[in-house]
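Enquirer: Please find one structure pasted underneath; my questions will follow.
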Amino acid sequence: MVTFRRFRPDDLNRISMCNMDPLTETYDSSFYLQYYAKWPGMFIVAEDDSGNIVGYVMGKLESSPAYFKQSPHYLPWHAHITALTVAPAYRRSGIGGVLTKRLEEEGDVGDAWFMDLFVRKSNTRAINFYKKSGYSVYRVVKNYYGDDVNDPTADGEDAYDMRKSMKRDTKGQHVRENGEKHAKMRTKRTSLEDPNALHNVKKQSRRNTPDVIMLRRLPGWRMLKNWINAEGDIQSTHDTGTTWYLLED
Amino acid sequence: MSSKIPESNLRLESGRVSHWSSDCDVAGAVENAARSQLDTPADQRAALLAVEKVIRESDVIKDSSTIDLYDWACTGLGEDYSKTIGALRLSFVKSAWKPGNANQEAFKSFYACVANGDWENAQKIAAIMDQKLPSESRPHFSNILAYYVLSSRLPVTDPRKAMFRTLAQRLTEKAYGLRDNTPNSKDYPPRAIATEEEMRLWLKIQVETRQSDSEARAFLDKPECNALKHLSEGHVSVFKEIMSLLEQHQVWEALFHISQELFDRGLEYLIEAQSSTESEPDSMTDSERKKHEAMKVIQEFTASRSEELSEVKKAAEARAFRSAVMDWSLWKQFIGAAVQLQDHKRALKQLQNFVTKVSKSAKLPSIYKKQMELANLLILFGRSQSNTSTSDENISESRINHLVAFVVANYNLVSCFDDLKPYLEQLSFDETKVFLERIGQEGEKETNDTFQNLMLLTLRLRFRYLFTSSPKSLSTSAGDASSRCNFCQNIVQDGPCFSNRDLRARIDSEDVDPFADMTIIGTTCLLKMAGFGDERRGSTMESINLKLVLWALSWLNAKYSRTPQKNQALPVFMAKLYLLVGCVPHAKMLWDTLGVKNVTLDSLGPLFSDRLSTIAPGMWRPTGSTPMYPYHKHYMDAIRQNIPRNIRTSLELGNFTSTLGLLAFQDRLTHSCTMIVSNVEDRRGIRAVGGKPGFDAKDDPLLRLIDNQKEFVNVTDNAALPNHECDPATLADIISIGPGLSDTRAKLSLFTEQFISLISYKEPKDFKPIKPAQVAELERSYIAQTAQSIHMNFATPFLRCLNAATDNETVPVLTDSEFHYFTTINFLLSHAVLATECQWNKSAPRDKRGSTIVAKIAAQIKYQTTSLALVREDTPETTRALCHFSNLHALGMLRESALAVKLTAGFLERLIAPAKNDAPKWLAEDVKALQSAATEANDFVKKRIKALSDAANTSGSLDSISEYAFGGLIDGSKSVNATPATAADGELETMIFVAAGQHAGFENTIGEILDSWQEVAKGWNTVKLD
Ligand SMILES: CC(C)(COP(=O)(O)OP(=O)(O)OC[C@H]1O[C@@H](n2cnc3c(N)ncnc32)[C@H](O)[C@@H]1OP(=O)(O)O)[C@@H](O)C(=O)NCCC(=O)NCCS
């Protein structure tokens, strides 16, 4: 039987049942620890009687920075599911359902308008699961995933941006029907190897917001105030805690 | 690494001519920072020297960005942060910082000290901020946290330890009092506990600063610890924490009492939530109508309370109660508490009533239905546990009925076996018999479909195996040395099912695969028959029947290649088994499909990489990247970069539990057995192929962070392997090269590496001291001291091993070969101490203690060599050499032992060289004896490598090994269709041959094994032995 509780760092030693599954990626420690440090209530695990982690969900609360307000892609205060996984052996027993419900409750506590997530268009199991849990497609993000698991030669795979209204959204303003018909282009990645390119990127991003900017280590160069990270989330230098920040690729 | 250099400073950097300046102005700092990135040591340390000068002269750097710059420039120099940058930061906050606009600067200083583990200065900075910013809460709680962390880090001998602990306790008490005295949460003063995180910090400090059990109990009895009050406020995590504390301190009455109240109120909320999503159905039965009425009353009750509670508060309370009432860990605690009560019968009955109530009155999702079934089982077993007359037949029958019902209801869940395992282990032998019989009957019911019956029979097989691994299944009669199995032997027929298409399709659509389970059970039995027990100390080849291991491998391989995997149990099992027989490349291929990397290396990495260098040294190259590089990277990144960064983030956001959790995690990773052993693996591997590790053990960036006095932690996670053994045995015990990681082995390995680094050190060729004799004496005295201290550290874990070797009760932590290796190291260490401490003149007599050391070392080596020559007697001549592939670990440890002896001999030679005329004569004799022992062993290793290589590359190997495994079935003189009826006729052999895919399947497996052996032999050929 499983117990649901907040994540603790030592849980990383007991995630074999989830992470040995090829569908679940294992990241570097910074990925898990930043959620634990920033949103400890939104990193929830399901633990079996022997202490194995058989499922977990990682989420966060955020909004786009204020000066993005004019952008059609501005996101108001909302909760986001970054990762959700249940060990193959434990699927279809309701664990995924409880985990998302707990996260939604945290979303309500945090006064979020809605919960959103990205899922591969080909991941029908997860899409069915989310639909059953009350989520609907808000839009399709073209080429969201850089690689296509089914076809390595293809350009990239589309993602569904799915949403569910939280209690605050009493009028359902943040969800829509027929979201499958709303498409958004995947933001383009620009690699900044030449410092002079920064100028161009700035111009480009004004014309064509937003842009993914991968900054290599360029001593003395300022990071843009905001960028779209690899997950497609808007991040600001505020998140990193420093104004001056040089990223290594 | 990401770096934070103020842009303005960098601009300056590029515009300046580089000349040395000791000024601590911005320009000087920029220049020093720039120099720190250059190549020469003088440049790299320029910033550090400047910092030390400022501190020596009691100067203050008044600009925090300049300190940031120095911080950046001094990174990686290994200096004590608290005495350098930390001290600068403190003096800045003390003398230069003024509250107001620049508050962030003080916080930044605090975070920087924390991130660098400098809690001394962090605490002082926090105290200043707390004092100067009385209307802010963050500095106050940072200060409390710093007192607490510092007190837990200071040694017991430091008087400040108790003082800081008391301060932390008092300040949290006060903060709690401020909260308690403020009725409305909006009016909490800044120093009152306001958030859940602050509340958890309060609880942790309050409990941990109370040292005795009775003090802790007294605290838990206080009104502040009213768990339900915390739950009402929505603080589930605080509530659960208090429950765990009550359990830990065995306050059963209180724990049970809380359960009653929680259930009563929680159920109201549960029903309320459901009724709000359901409207009254049109046609209701009487009982449904009653229930609906009841719900209405409850709704009205809660509605009336909403006057007292604001909407938000009420929602939080409801959410918290709903979550707690269905929390399985709490259920376990409540049932556990009930069992301990005087009137446990009544208490358990009350809990059972509640199970019935929940199950009936609420429309539960399936996950909670199962939880209620398990709660019932737990209560039932709790009842018989607390029952004085354990032979109570009613209870026994009821236990079996519940267990059978659970299996029938949940047979298609993967977790079914694991859910029941702890209960089955408690059954008496008679109960197990009845239980198995009943499951057998269930699995033969004609009303079931084939899949269901097959699943039930497979589960029965798994349960049957579990009981086999329990001592209850055996009985020994007086005077009879052998044990008798209490069960009769049944054979499960599985043949025809493989070709059933409908069944195959059904299995494909399910999460469970009965055939995979059968294969695992069957092959585990084969391995046990082959001689692999659960308390092995490494492969003693004369006891292992390789033929049965080959059967197991071919059966597993056939299953693996025939159908897609439902989970990772089979590939992990196979990878380990292939390692056991020396097929490292094939094991690696399987292992690579499992995606073990980054954060999972600590817990899963050892399943593959432990002892790798001993069996496949050819995976290493003298220079360049190593097989263990991903481990080093993971630990370096986590310990030095990611954890400190996130500690800072958690503090910035006031997530104190995360701060404490991250600090504990950092300490845990620093003392992880995997970290240490993977480091040692690389050292051994690199040495084997003639290279030199990048760092000496004492300078290694990770090893030098270790505190030897701490317990090294083993976090290996065997959950990925199937496990049908009765607790505490695991399958991993059976199919690993030797015992798992342990504090003892990690410590022995670490100290051995320190010793090897010490004796491997060679002065640079151009080092020509003016007074060589004097320098040599100094050198000897340094080595004597260091070797002595290593030897002392080594002694404690080594003594534990010696005791384990003579005591049958203690589970061994080393393989036989490791034991002899470390024994050799122990003698070498003693010898090094004697040689460096002894009187240094030609005719000095040999120390008495030392007279037999060299002979003992030679005997250890000899013993290792002799046992390597043994092979099971019934192995045919043609396959004998191949059998040695299953014993590579012992060969690897012999090679390491010989190398350690050789290095010691070389070290002694160098010791003698500068003072040839003064060196005691006996020392030179010992050098010779050691050299000859090492050479003899190395000659043996060389011969063995050649034999392995020849055997793997002989053209007839495939045939001879096939014949060895399956005899007549391979050459066609026996037919699978003429199934023999008895074991003596080879019934089992035929069945396995069929399961292994017959001729083609088996040859495929053997082909893969041979390919692997060829590659491993090739790797061994790169080992440097001269
Ligand atoms: C998606 C996932 C988290 C679902 O977890 P789960 O614990 O199996 O889900 P639940 O048991 O709570 O399922 C709830 C409901 O969702 C639906 N659902 C779940 N899995 C489904 C599937 N494979 N097909 C159709 N519906 C499904 C069902 O309606 C189910 O209710 P039911 O079993 O009573 O019919 C799990 O399948 C998983 O870990 N997948 C791999 C990782 C992944 O894709 N994550 C999502 C990335 S964004």
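The values are calculated or read from the model by the stated rules, or taken from the named source; none is laboratory data. Being a predicted model, the structure only gives us computed values, none of them experimental. Note that we place each Cβ from the backbone using ideal geometry, even for glycine, and neighbour counts take in every protein chain shown.
A quick yes/no check of all residues on (1) within 9 Å of the ligand (Cβ to nearest atom); (2) at pLDDT 90 or above:
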| site | (1), (2) |
| --- | --- |
| A:Glu25 | no, no |
| A:Gln34 | no, yes |
| A:Lys38 | no, yes |
| A:Gly59 | no, yes |
| A:Leu75 | no, no |
| A:His78 | no, yes |
| A:Ile95 | yes, yes |
| A:Asp108 | no, yes |
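Enquirer: Sticking with this one: Report every pair of residues separated by at least 6 positions or lying on different chains whose Cβ atoms are under 9 Å apart, first residue within region A:103-127 and assigned by TED's automatic domain parsing to the domain that holds A:Met42 and within 19 Å of A:Tyr35 (Cβ to Cβ), second within 7 Å of the ligand (Cβ to nearest atom) and hydroxyl-bearing (Ser, Thr, Tyr).
Expert: A:Glu104/A:Ser133
Enquirer: Whether any residue in region B:865-887 is touching a residue at least 60 places away in the same chain (Cβ under 8 Å), buried (at least 16 other Cβ atoms within 10 Å of the Cβ), of a type in the set (A, V, I, L, M, F, W, C) and not in a helix (DSSP H, G or I) is what I want to check.
Expert: Within region B:865-887 (the criterion being touching a residue at least 60 places away in the same chain (Cβ under 8 Å), buried (at least 16 other Cβ atoms within 10 Å of the Cβ), of a type in the set (A, V, I, L, M, F, W, C) and not in a helix (DSSP H, G or I)), the answer is yes, since at least one residue qualifies.
Enquirer: Among (1) in contact with a strand residue (DSSP E or B) (Cβ under 9 Å, 6 or more places away or on another chain); (2) more than 11 Å from the ligand (Cβ to nearest atom), which single condition is A:Gly51 missing?
Expert: That leaves (1) as the condition not met.
Enquirer: Okay, moving on. Within region B:390-415, can you find the residues that are at pLDDT below 90 and in contact with a helix residue (DSSP H, G or I) (Cβ under 9 Å, 6 or more places away or on another chain)?
Expert: Matches in region B:390-415: B:Thr390, B:Asp392, B:Ile395, B:Ser396, B:Glu397, B:Ser398, B:Asn412, B:Leu413, B:Val414, B:Ser415.
Enquirer: Separate question: So which of B:Leu705, B:Leu651, B:Leu669, B:Leu662 is more than 14 Å from B:Ser749 (Cα to Cα), touching a residue at least 60 places away in the same chain (Cβ under 8 Å) and within 17 Å of the chain's Cα centre (by Cα)?
Expert: Selected residue: B:Leu669, the only one of B:Leu705, B:Leu651, B:Leu669, B:Leu662 that is more than 14 Å from B:Ser749 (Cα to Cα), touching a residue at least 60 places away in the same chain (Cβ under 8 Å) and within 17 Å of the chain's Cα centre (by Cα).
Enquirer: For region B:825-854, give me each residue that is aromatic (Phe, Trp, Tyr) and without any contact (Cβ under 8 Å) to a residue 40 or more places away in the chain.
Expert: Once the filter is applied, which keeps residues that are aromatic (Phe, Trp, Tyr) and without any contact (Cβ under 8 Å) to a residue 40 or more places away in the chain, region B:825-854 yields only B:Phe827.
Enquirer: Here are A:Leu84, A:Leu99, A:Leu117: which of them is within 11 Å of the ligand (Cβ to nearest atom) and touching a His at 6+ places or on another chain (Cβ under 7 Å)?
Expert: Answer to the check: A:Leu117.
Enquirer: Are any of the residues in region B:611-629 surrounded by 23 or more Cβ atoms within 10 Å (Cβ to Cβ), at positive phi and in contact (Cβ under 8 Å) with a residue 12 or more places away in the chain?
Expert: Yes: one or more hits.
Enquirer: If the Cβ limit is 9 Å and pairs must be 6+ apart or interchain, which residue in region A:87-98 that is assigned by TED's automatic domain parsing to the domain that holds A:Phe129 and more than 19 Å from A:Asn19 (Cβ to Cβ) pairs with which residue that is more than 7 Å from the ligand (Cβ to nearest atom) and among the small types (Gly, Ala, Ser)?
Expert: Sorted first by the residue in region A:87-98, then by its partner, the pairs are A:Val98/A:Ala46.
Enquirer: Can you find a residue that is at pLDDT 85 or above, away from chain A (no Cβ under 14 Å) and in a helix (DSSP H, G or I) anywhere in region B:496-511?
Expert: Scanning region B:496-511 turns up no residue that is at pLDDT 85 or above, away from chain A (no Cβ under 14 Å) and in a helix (DSSP H, G or I).
Enquirer: Out of the residues in region A:120-135 that are in a loop (DSSP other than H, G, I, E, B) and within 8 Å of the ligand (Cβ to nearest atom), state the one that is farthest from A:Tyr160 (Cα to Cα).
Expert: Among those that are in a loop (DSSP other than H, G, I, E, B) and within 8 Å of the ligand (Cβ to nearest atom), it is A:Ser133.
Enquirer: In addition: Residues of region B:555-607 being within 14 Å of chain A (Cβ to nearest Cβ), free of Cβ contacts under 8 Å to residues at least 40 places away in the same chain and among the basic types (Lys, Arg), which ones?
Expert: Matches in region B:555-607: B:Lys597 only.
Enquirer: Then there's this: Conditions first: (1) of a type in the set (A, V, I, L, M); (2) more than 25 Å from B:Glu198 (Cα to Cα); (3) surrounded by fewer than 20 Cβ atoms within 10 Å (Cβ to Cβ). A:Ala87 passes all but one, so which condition is the exception?
Expert: Unmet for A:Ala87, out of (1) of a type in the set (A, V, I, L, M); (2) more than 25 Å from B:Glu198 (Cα to Cα); (3) surrounded by fewer than 20 Cβ atoms within 10 Å (Cβ to Cβ): (3).
Enquirer: Right, another one. One residue is enough: does region B:944-967 have a residue meeting the conditions touching a helix residue (DSSP H, G or I) at 6+ places or on another chain (Cβ under 7 Å), modelled with pLDDT of 85 or more and not in a helix (DSSP H, G or I)?
Expert: No, the conditions are met nowhere in region B:944-967.
Enquirer: Here's another thing I want to ask about it. Mind checking which helices (runs of 4 or more DSSP H) fall wholly inside region B:637-704 and carry at least 3 residues that are surrounded by fewer than 24 Cβ atoms within 10 Å (Cβ to Cβ) and among the hydrophobic types (A, V, I, L, M, F, W, C)?
Expert: In region B:637-704, B:656-670 are the helices (runs of 4 or more DSSP H) which contain 3 or more residues that are surrounded by fewer than 24 Cβ atoms within 10 Å (Cβ to Cβ) and among the hydrophobic types (A, V, I, L, M, F, W, C).
Enquirer: Would you check if there is a residue in region B:123-134 being out of contact with any Ser or Thr (no Cβ under 7 Å at 6 or more places or on another chain), assigned to a loop (DSSP other than H, G, I, E, B) and more than 28 Å from B:Arg640 (Cβ to Cβ)?
Expert: yes
Enquirer: Same structure again: Quick one: which of B:Asp700, B:Asp682, B:Asp610, B:Asp667 is within 22 Å of B:Asn714 (Cα to Cα), within 14 Å of chain A (Cβ to nearest Cβ) and among the acidic types (Asp, Glu)?
Expert: Step by step, each of B:Asp700, B:Asp682, B:Asp610, B:Asp667 is checked, and only B:Asp667 is within 22 Å of B:Asn714 (Cα to Cα), within 14 Å of chain A (Cβ to nearest Cβ) and among the acidic types (Asp, Glu).
Enquirer: So in region A:93-124, with the set limited to residues that are more than 8 Å from every other protein chain (Cβ to nearest Cβ) and of a type in the set (S, T, N, Q), which one is nearest to A:Asn143 (Cα to Cα)?
Expert: Going through the qualifying residues, I end up with A:Ser122.
Enquirer: Could I ask something else about it? Tell me, yes or no, whether region B:913-922 has at least one residue that is surrounded by 14 or more Cβ atoms within 10 Å (Cβ to Cβ) and of a type in the set (Lys, Arg).
Expert: No, that holds for no residue.
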